[in-house]
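Heads up, the thing below is written out as structure tokens.
The values are calculated or read from the model by the stated rules, or taken from the named source; none is laboratory data. The shown structure was predicted, so the numbers you read here are calculated from the model rather than taken from an experiment. Every residue, glycine as well, gets a Cβ built from its backbone with ideal geometry; the counts of neighbours run over all protein chains shown. The protein model used for the area step is the full one, side chains on, heavy atoms only, and it has no ligands, DNA or RNA in it. Shrake-Rupley method; radii C 1.70, N 1.55, O 1.52, S 1.80 Å.
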Amino acid sequence: MALFAIAFVAGWVDSIAGGGALLTIPALMIAGLPPAAAIATNKISGSFGTLTAATYFVRRGYIDFRKLWPAMLAVAVFSAVGAFLLLSVDAGKLRWFLPILLIGIAVAYVFLPPVQETESVSARSFGLYAVTAAPLIGFYDGFFGPGTGMFFALTMIWLAGSTLVEATANSKVLNFVSNIVGLAVLASAVEIYWAVGGVLVLGQMSGAWLGAHSVHRFGGRVVKPVAVVASVAMAVAMLLEN
């Protein structure tokens, strides 16, 4: 029941701002899963959670796959590379660098200039995004993962000129791609706790639907504050854990 509740909150946070894995991965480790197994098992719920949110946004016309597919391809390839690397190195060392990155994200969201909710992005800008931020973040998600949704959304605003809502919607599609590819690679070599993952799936899908509905209804007004609070909270949690 505790894992379900944590997954629900993680799904809600993840669909709005990203970073739900920094709730679920520590919870899995506390439950006794080894780090690599926790990361791999978390990708089960992450995949279903981001799929739920992405489907919600697709049905409401937020996603233009003609512009997004190059970034999806780059994310898929580099997520696989990151997952293969995870099998041979200690991903735990990233915990020392993540708090700094998360604080930076919070500051960036605070000072993010206002954008129009109806503003659209260009195919050219998405092309630049597909060869810069998309592969780097895809690699990171395959290797470790927490905060990936935030990284996708924020860099899409900067590099592709997207609005908060557009970036949030598109980030769910990219995050689903990186999750499912990373899961496929890790499942071939790491023990995955499918029953535990199933509990997380139920909680995360429920929370993801609620979070996506919140973004659709309230737009950037809900994305920015949740992103800032989630970033700071995750940074503090990781510093305390270290």
So SER125, is it open to solvent by 10 Å² or more (accessible area, probe 1.4 Å), small (Gly, Ala, Ser), in a helix (DSSP H, G or I) and at pLDDT below 85: yes
By residue number, the members of region 143-158 that are more than 23 Å from ALA27 (Cβ to Cβ) and either over 11 Å from the mean Cα position of the chain (by Cα) or open to solvent by 20 Å² or more (accessible area, probe 1.4 Å) (or both) are LEU154, THR155, MET156, ILE157, TRP158
Matching residues in region 159-195 - criterion: being at pLDDT below 85, surrounded by fewer than 24 Cβ atoms within 10 Å (Cβ to Cβ) and within 17 Å of the chain's Cα centre (by Cα): VAL165
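Against the condition closer than 19 Å to ILE180 by Cβ and at pLDDT 90 or above, how does ALA133 come out, does it pass?
Judged against the criteria, ALA133 is not a match.
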